[in-house]
Amino acid sequence: VNEFVEKCRREWKRLGVPDPVADEMAGDLAADLDEAAAEGASPEEVLGTGANDARSFAASWAAERGVVELRSRRRPRRALAALAVSAALAIVGLVLLVAAPSRTARMAVSAPLPRVVFLPGRLVRPRAVLPRIWFVPARREQAIAPGDGRAPLWWAGLGVLVVGIAGVGATALVSLRP
Amino acid sequence: MAVDGGRRTQLLRGVLDLCLLAVIQEGPAYGYEMTKRLRARGLSIVGEGSIYPLLARLEREGLVETYRAESNGGPPRKYYRASAQGEAVLAAGLAEWRAARDAVDAVLGVVEAEGVA
């Protein structure tokens with residue numbers, strides 16, 4: 001008897017039932033269970049199926065007293081919020097996956113080697129015979145080389161997508177639970 | 001395939017509030033006392049939902065009034081009695097129950113009379 005009442009008390013405390021209300025319900029419950037035990041009646045004869053699940057019994061009683069919300073009434077709002085957050089995460093993850101490059105772009109810059117240009121002497125100086133040698137700075141060239149790894153942004157998107165999908169699944173499972 | 005226990009539970013769920021209002025019409029009672037009165041009339045709540053949440057709902061809806069009083073040598077108990085609104089609800093519910101019961105009897109009674117299992 002005491003154990004059952006204590007379980008109910010813990011549930012009421014967890015649910016935020018005001019102490020005076022919890023004390024009243026616990027007192028009434030203990031008195032009825034004590035009387036039943038003295039008469040040889042089982043807790044099931046007092047509590048029905050509630051005897052098998054103190055937490056549900058306590059929550060249901062407190063809800064009908066109007067001091068807490070019924071779980072079934074709270075569930076849709078919480079489930080909806082969880083579903084919205086999870087779906088948003090999944091969408092963000094998907095966007096990152098699509099937008100992020102799938103491979104790392106590695107830029108290679110060639111060394112600025114000088115180029116040797118031969119110009120006929122007469123083009124530089126009208127009377128020159130020997131060609132002049134001009135050093136022209138090399139043009140910087142860029143090369144894109146494919147890398148081996150995925151971009152960090154891509155991995156982040158994959159992670160967020162997985163978390164989002166898992167959240168949607170978990171929310172659906174919890175919501176469909178009777 | 002119907003589940004017998006489930007059907008009984010569903011049937012009882014629809015009228016248990018009327019049963020509680022009925023047993024406190026004969027006099028105010030606390031929770032366990034009501035259970036005993038139901039049992040004395042052949043209605044056990046073993047395997048069914050608890051009456052405590054239901055009593056709380058009846059109180060919240062103003063169908064019962066409560067007060068505290070000493071029980072026989074025990075601690076003070078919370079007694080329930082039907083309010084005027086509760087008695088009206090009981091009368092209306094009783095009429096509905098009897099009409100439904102008669103209609104169902106009219107259907108199922110014929111099946112039983114013809115010996116169809």
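Observations, loosely collected:
- Put in order of Cβ neighbour count within 10 Å, fewest first, the listed residues A:Val5, A:Val17 become A:Val5, A:Val17.
- Partner shielding of A:60-66 amounts to 6, given as the average count of beta-carbon atoms from other chains within 10 Å of each residue beta-carbon.
- Evaluated with a Cβ-only charge set (Lys, Arg +1; Asp, Glu -1), region B:13-117 carries a dipole of roughly 500 debye about its Cα centre, given to the nearest 20.
- Counting every C-alpha pair in chain B, the share spaced more than 20 angstrom apart comes to 51%.
- Against chain B, whose longest principal axis comes from its Cα atoms, helix B:84-113 is set at around 20 degrees.
- Mean projected area (nm²) of the alpha-carbon convex hull when region B:1-57 is viewed from all directions: 4.0
- Acute angle (nearest 10 degrees) that the helix B:31-40 long axis makes with the longest principal axis of chain B, alpha-carbon atoms: 40
- Annotation for B:Glu61 and B:Leu11: the two label points, set 7 Å from Cα along the Cα-Cβ direction, are 2.1 nm apart.
- Within the straight-line cut-off of under 23 Å between alpha carbons, the lysines reachable from B:Lys36 are B:Lys78, sequence neighbours fewer than 8 places apart in one chain being disregarded.
- Amide H contacts under 5 Å for B:Ala29, placed H, 5+ residues apart: B:Tyr80
- FRET efficiency for B:Gln25 and A:Lys13, using Cβ-Cβ distance with R0 set to 45 Å, rounded to 0.05: 0.80
- Computed [θ] at 222 nm, helices only, for chain B once each DSSP H run of length n ≥ 4 contributes -39500 (n - 2.57): -20000 deg cm²/dmol
- Relative contact order for region A:1-52: 29 percent, from Cα pairs under 8 Å spaced at least 6 residues apart, divided by residue count.
- For region A:8-60, taking the reciprocal of the average inverse distance between every pair of different Cα atoms yields a Kirkwood hydrodynamic radius of 11.5 Å.
Each value in this text was obtained by applying a stated rule to the coordinates, not by laboratory testing. Nothing here was measured: the structure is a model prediction, and the numbers come from that model. Heads up, the Cβs are rebuilt from the backbone with ideal geometry, glycines too, and the neighbour counts pull from every protein chain shown.
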